[in-house]
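Colleague: Please see the structure below; I have some questions.
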Amino acid sequence: MILKVDTIDGKYVICMDKEKKMYALEKKEIKAPAELKKGWYVEIDDENGELSFSEHKPKSK
């Protein structure tokens with residue numbers, strides 16, 4: 001699953017998927033990098049649940 005960071009609000013990172021469904025992820029829980037900003041992408045590996053962060057949209061699998 002690929003989410004786009006919409007807002008960073010206090011301790012939460014608010015993201016949106018391609019269907020415009022919103023998700024609130026706790027920064028501390030997802031170990032968000034300090035440089036994370038609005039417009040970045042969060043990719044969640046469907047197999048193992050690992051998260052990766054990128055300024056550029058990851059390629060769809």
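The values are calculated or read from the model by the stated rules, or taken from the named source; none is laboratory data. Computed from a prediction, not measured in an experiment: that's the story for all the values here. All Cβ positions, glycine included, derive from the backbone under ideal geometry; neighbour counts span all protein chains shown. Each accessible area value is taken on the protein alone, full model and side chains, heavy atoms only, with ligands, DNA and RNA left out. Shrake-Rupley method; radii C 1.70, N 1.55, O 1.52, S 1.80 Å.
Colleague: For residues that are closer than 21 Å to Lys59 by Cβ and more than 10 Å from the chain's Cα centre (by Cα), tally how many sit in the range 22-36.
Modeller: Number of matching residues: 1.
Colleague: Related question: Six or more apart or on different chains, Cβ under 8 Å: which pairs go from a residue in the range 21-47 that's under 13 Å from Leu3 (Cα atoms) to one that's part of a loop (DSSP other than H, G, I, E, B) and open to solvent by less than 40 Å² (accessible area, probe 1.4 Å)? Could you list them?
Modeller: Tyr23/Asp17; Leu25/Ala32; Tyr41/Pro58; Glu43/Pro58
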